[in-house]
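Heads up: the structure comes next, in structure tokens.
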Amino acid sequence: MTDAPIAKHKDLSERTLGVLLLLPAALLLLVIVVYPIGTLFWNSLHSVDQANPQAGEFFAGFDNYTRAFADERFWTSTLHTVLYIIVTVPGSLLIGLGLALLANQAFRWKWPVRLGLLLPWALPLVFAGLIFRWFFEYNTGVVNDWLVRFGLEPLQWLSDPTLAFCAICIAIIWKASSFMALMLLAGLQTIPKSLYEAAEVDGASKWQQFWEVTLPMLRPAIFVALIFRTITAVQTFDIPYAMTGGGPGDATETLAMYIHKTTLDFLDFGYGSALATLMFLISMAATSGYLRFTRRSSGRGKDD
């Protein structure tokens, strides 16, 4: 009779301790995530145009979102962002996977390879954009210098819309592939060597080992890397801004760059908040798509 109240009191204290331990993390999440997102959405429901102070600030409802859906520049910048995602996310994954496999090889001097993976990742985005802007510069750029040495005509890399898009994609893939390689290398380190030894005993070739052992075991790390890379690709700003400023015209302008111009150049904070909210929803949609696909894949694996 006396043990039941003591056990119940003990359970209550453990539950209270758990709540107290989680409370700081929950408060931190509330301050740095929930509050800014809520403030952003609230501002998007208002008309706040600092360039026209006479108009004042007033509640506009969903007028800013209606304006965005009718804004051709919004759709154009969103299309550019989607194209960057389609090109740079798979490209950085493939190159990052190759670099991770190289860094995972059992050779004596592998630390320079792993150090080489850290350098692009540690380089500031704007600095990387400025470096590649110099690479693709028409008169003094390294790329055109190589073309001339091979007897070819120099190209207007940063003045032609298609070439500028290609140059930016190359810069983004170079910068992002190191991040992908580091995450995939961590996943490769968790694969037991006994699986490869068993595959060799069964007569599997290196390609069969990669296809049947490495990729299935590396799938969780690949999905995590894709989630992070896709979110950062949706928010692409620094490298295109440093290389072309969105030009020529607005041919390489991303959604993040359009938000930047709307808020800081045009001082239209209400409309800029609406655009930022839409970009946040795009990021959440991409993340939920990856998570749903991951859940389906894990479900098939359990069924098999």
| field | Within the stretch 121-189, helices (runs of 4 or more DSSP H) holding 1 or more residues that are modelled with pLDDT under 95 and closer than 20 Å to Ile231 by Cβ | value | 125-135, 161-189
| Some residue of the stretch 84-95 being over 18 Å from the mean Cα position of the chain (by Cα), exposed (fewer than 13 other Cβ atoms within 10 Å of the Cβ), over 30 Å from Trp42 (Cβ atoms) and without any contact (Cβ under 8 Å) to a residue 40 or more places away in the chain | no
| task | Select, from Gln54, Gln50, the only residue that is in contact with a helix residue (DSSP H, G or I) (Cβ under 9 Å, 6 or more places away or on another chain), modelled with pLDDT under 95, farther than 29 Å from Ala233 by Cβ and not small (Gly, Ala, Ser). | result | Gln50
| field | Flag for Phe269 being open to solvent by 30 Å² or more (accessible area, probe 1.4 Å) and under 30 Å from Gly61 (Cα atoms) | value | yes
| request: For Thr140, indicate whether it is over 12 Å from Ser177 (Cα atoms) and either open to solvent by 40 Å² or more (accessible area, probe 1.4 Å) or without any contact (Cβ under 8 Å) to a residue 24 or more places away in the chain (or both). | output: yes
| said: Pairs needed: first member in the stretch 262-291, more than 19 Å from Val34 (Cβ to Cβ); second member anywhere, open to solvent by 60 Å² or more (accessible area, probe 1.4 Å); C-beta distance under 7 Å; at least 6 residues apart or different chains. | reply: Thr263/Phe269; Phe266/Ala51; Leu267/Gln50; Leu267/Ala51; Asp268/Ala51; Phe269/Gln50; Tyr271/Arg67
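The values are calculated or read from the model by the stated rules, or taken from the named source; none is laboratory data. If you're wondering where the values come from, they're calculated on a predicted model, not measured in any experiment. Ideal geometry is used to build each Cβ from the backbone, glycine not excepted, and the neighbour counts take in all protein chains shown. Each accessible area value is taken on the protein alone, full model and side chains, heavy atoms only, with ligands, DNA and RNA left out. Shrake-Rupley method; radii C 1.70, N 1.55, O 1.52, S 1.80 Å.
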